[in-house]
1. For residues in the stretch A:138-152 being under 15 Å from A:K109 (Cβ atoms) and open to solvent by less than 10 Å² (accessible area, probe 1.4 Å), which is nearest to the ligand (Cβ to nearest atom)?
2. Evaluate the following for A:I94: is it open to solvent by less than 30 Å² (accessible area, probe 1.4 Å) and either assigned by TED's automatic domain parsing to the domain that holds A:L211 or closer than 22 Å to A:G344 by Cα (or both)?
3. Mind listing just one residue for me: the one in the stretch A:298-330 that is open to solvent by 30 Å² or more (accessible area, probe 1.4 Å) and more than 15 Å from the ligand (Cβ to nearest atom) and, of those, nearest to A:E389 (Cα to Cα)?
4. For residues in the stretch B:181-204 being more than 7 Å from every other protein chain (Cβ to nearest Cβ) and outside any helix (DSSP H, G or I), which is surrounded by the most Cβ atoms within 10 Å (Cβ to Cβ)?
5. Please determine whether any residue of the stretch B:139-149 is away from chain A (no Cβ under 14 Å) and within 18 Å of the chain's Cα centre (by Cα).
6. Give A:G427, A:G416 a once-over and let me know the one that is more than 7 Å from chain B (Cβ to nearest Cβ) and over 24 Å from B:A51 (Cβ atoms).
7. Just name the residue that is nearest to the ligand (Cβ to nearest atom) out of those in the stretch A:124-137 that are open to solvent by less than 10 Å² (accessible area, probe 1.4 Å) and part of a loop (DSSP other than H, G, I, E, B).
Amino acid sequence: MEATTRQFTGNARQALKNDNLRAALDKLSHGFPYKRLEAAARLPEFEALRDQSRDIKAHVLENLDFYLQQFESKVIEQGGQVHWAKDAAEARDIILAICQEAGAETVTKSKSMIGEEIAINGHLEANGVRPVETDLGEYIIQLRKEPPSHLIAPAIHLSMDQVADTFKDKHREFAADRPLDQPRELLEEARTMLRREFLAADVGLTGANLLIAETGSIALVTNEGNADLTLTLPNTHIAIASIEKAVPTLEDATTILRVLARSATGQELSVYTTFVSGPKRPDDMDGPENFHVVLLDNGRTQMLGSEFHDMLRCIRCGACLNSCPVYGAIGGHAYGWVYSGPMGSVLMPGILGLEQTGDLPNASTLCGTCESVCPMRIPLPAMLRRWREQQHARRLTSTKSRMMLKLWAMLARRPGLYRAVMGLGVGFMRALAGGRGSLKSLPFAGGWTAVRDLPAPEGKTFTALWKERRK
Amino acid sequence: MIQQAPHVGLFATCLVDLMRPTVGFAAAKLLEDAGCRVDVPMDQTCCGQPAYNSGDTGEARAIAKHVIAAFEGFDYVVAPSGSCAGTLRVHYPQLLKDDAAWAARAEALAQKTHELFSFLTDVLNWMGGEARYDATATYHDSCSGLRELGIKQQPRTLLAGVEGLELKESREAEACCGFGGLFCVKYPDISERIVDVKTADLEATGADTLLGGDLGCLMNIAGRLKRQGSAVKVRHAAEVLAGMTGEVPPLGEGKNDGAED
Ligand code: SF4
């Protein structure tokens with residue numbers, strides 16, 4: 001996927017004009033955050049589980065090499081294969097090679113953000129392999145050739161009407177006048193389409209929510225069961241995961257699973273939680289003959305030990321998106337690449353480079369809601385600030401803004417001068433207001449007055465008045 | 001043993017200094033009513049947040065040192081803003097933790113710095129004086145105060161004692177108003193959408209007044225309400241608690257309102 005992170009401001013402006021999107025985002029921000037709160041209230045140990053989950057991942061990150069090796073040897077022991085990919089291109093090639101070896105024409109896919117990150121679909125298509133998304137949301141946006149706009153609800157930006165239109169446009173074999181205005185009808189139609197694909201697929205490609213080192217298992221959570229069909233029906237199962245998904249034990253995995261769905265949707269658990277340990281064993285009823293895990297680095301080892309180390313605790317629950325006022329205003333696509341919201345604004349500069357993503361760390365009010373809901377207690381606002389520091393230090397900000405800041409900071413350290421300038425400023429604004437309570441516009445303050453009035457200052461500055469009255 | 005009245009350095013904040021001195025006087029009055037001796041060091045300017053949040057840590061550190069030097073002689077430092085108090089309490093120690101000469105001083109200042117309402121209730125155990133304000137109000141919890149300093153109940157406790165005032169909770173009381181310091185001028189259209197959620201939410205309560213504890217947020221919300229033509233009044237809660245609402249009209253209102261530009 002082509003990154004448009006550099007055009008963030010323009011993307012955001014477009015998004016703000018989109019009424020469908022606005023309705024969808026209103027629904028999102030009135031839904032998941034409240035469900036999360038209710039789920040948390042039902043579980044007295046929720047806050048303690050957040051602490052434990054954070055500690056588990058913190059420990060893993062300190063010992064990542066150990067747990068990844070343990071995971072690898074367990075997978076091999078069980079008859080699977082592990083592939084290491086240092087970047088997206090390597091991961092794509094590995095996956096394509098496995099597909100070609102399997103003689104694959106069709107690859108079913110369950111939802112995977114890493115799949116998006118490495119843009120696997122385009123690569124498979126370009127090489128004659130047809131990827132089919134099987135998560136309903138992903139299926140819809142694949143038909144529309146759109147990227148996902150949310151970590152766990154990839155088609156959240158669309159209304160039901162839009163989905164119905166897409167189905168009518170793409171599923172030409174059904175009667176053109178069939179009813180498609182109920183969720184059930186849409187679901188049935190997608191199911192009909194997908195059943196054939198599940199049965200025809202030669203390879204199933206899934207992500208992995210967790211890599212469990214002690215057992216060499218991957219854990220997958222879905223609400224639709226599509227991952228289970230994706231991985232059990234074809235002969236070959238490929239799981240792709242970034243390296244920070246490792247956890248030491250099954251016990252640790254369940255701790256994290258207990259906060260994952262609650263944080264994401266307010267569910268106690270996702271509808272399907274699946275543990276996969278290697279290929280089909282002789283007395284298994286079903287399952288793939290071949291089991292591959294592709295472990296992706298793509299910048300993660302760079303983040304280890306850096307100021308952004310803690311970001312690697314992220315379990316992609318989406319809680320920070322659901323509660324973010326900026327995400328709630330503009331949705332996921334405006335961020336311009338695979339991830340979005342607060343987690344995306346921290347992660348994407350690390351993957352794509354700060355030059356490409358300069359607006360993202362700045363487009364935040366630093367309100368702290370993300371950190372307050374993050375199950376892994378990732379200090380997202382502090383890390384957004386770290387990126388801003390790097391941006392400033394590397395002179396990636398505009399000369400004008402640097403100069404304004406310098407000028408202001410110089411004043412702030414010279415109280416006498418500061419008071420004189422502020423006194424003048426207050427007088428100027430008062431004169432402009434002419435007794436009215438607020439200003440409709442003000443030179444050099446266009447950003448403020450573009451959308452709101454500026455309440456006029458009262459009179460003199462507080463320090464000047466205090467001096468007059470109290471000394 | 002005679003207890004000395006605590007000596008409080010009032011950090012008015014740059015916005016109160018510039019835009020709304022009544023909030024400064026209201027804070028001073030509340031502190032004095034609660035038994036403090038209040039001074040306003042003339043060396044104060046701003047807490048440095050614009051530099052800090054823009055990634056200019058060099059300037060942010062320099063300003064932090066300036067504030068520390070101006071205020072460390074007091075028993076307490078109090079600001080009528082959760083955001084600025086949060087900068088002194090939470091962020092100065094982080095900014096200066098590797099500076100041998102300043103780390104301890106930053107830490108000491110942080111320990112004695114408080115937001116106004118939490119200082120009055122949590123530290124002084126003062127539950128409010130006599131004030132009257134006839135209004136149905138809803139309270140906006142500003143982000144830094146709420147999430148960095150845990151300020152939620154304190155202003156409500158104090159406001160509960162104001163005669164004539166009814167407080168109604170709004171559903172999105174804790175939602176960000178879209179101010180975010182420089183954010184609101186860098187991304188005005190995103191900020192607009194965020195503040196619209198806020199104004200719709202507070203209009204839905206039926207309250208005629210919005211109260212809060214941070215002038216930045218209040219100016220943003222008041223400015224947007226004015227632009228929308230709303231009649232909802234906006235005030236800093238300190239004005240109400242100190243009984244000083246007669247001294248200044250609500251934010252954004254003036255005697256010549258309605259006159260041609
Ligand atoms: S940063 Fe935290 S809240 Fe956001 S997706 Fe990751 S784990 Fe969830």
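The values are calculated or read from the model by the stated rules, or taken from the named source; none is laboratory data. Because the structure is a prediction, the values reported are computed rather than measured. All Cβ positions, glycine included, derive from the backbone under ideal geometry; neighbour counts span all protein chains shown. The area values use the complete protein model at the heavy-atom level, side chains included, leaving out ligands, DNA and RNA. Shrake-Rupley method; radii C 1.70, N 1.55, O 1.52, S 1.80 Å.
1. It comes out as A:P148.
2. Values: open to solvent by less than 30 Å² (accessible area, probe 1.4 Å): no; either assigned by TED's automatic domain parsing to the domain that holds A:L211 or closer than 22 Å to A:G344 by Cα (or both): yes.
Judged against the criteria, A:I94 is not a match.
3. If we take residues in the stretch A:298-330 being open to solvent by 30 Å² or more (accessible area, probe 1.4 Å) and more than 15 Å from the ligand (Cβ to nearest atom), then A:E307 is nearest to A:E389 (Cα to Cα).
4. Of everything passing the filter in the stretch B:181-204, B:L182 is surrounded by the most Cβ atoms within 10 Å (Cβ to Cβ).
5. Here is the first cut: in the stretch B:139-149, the ones away from chain A (no Cβ under 14 Å) are B:139.
Still in the running and within 18 Å of the chain's Cα centre (by Cα): B:139.
Looking through the stretch B:139-149, at least one residue is away from chain A (no Cβ under 14 Å) and within 18 Å of the chain's Cα centre (by Cα).
6. Answer to the selection: A:G427.
7. A:T134
Every residue, every condition in (1) under 16 Å from B:G216 (Cα atoms); (2) surrounded by fewer than 17 Cβ atoms within 10 Å (Cβ to Cβ), yes or no:
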{"residue": "B:A5", "(1), (2)": "no, yes"}
{"residue": "B:C14", "(1), (2)": "yes, no"}
{"residue": "B:D17", "(1), (2)": "yes, no"}
{"residue": "B:A26", "(1), (2)": "no, no"}
{"residue": "B:Q44", "(1), (2)": "no, no"}
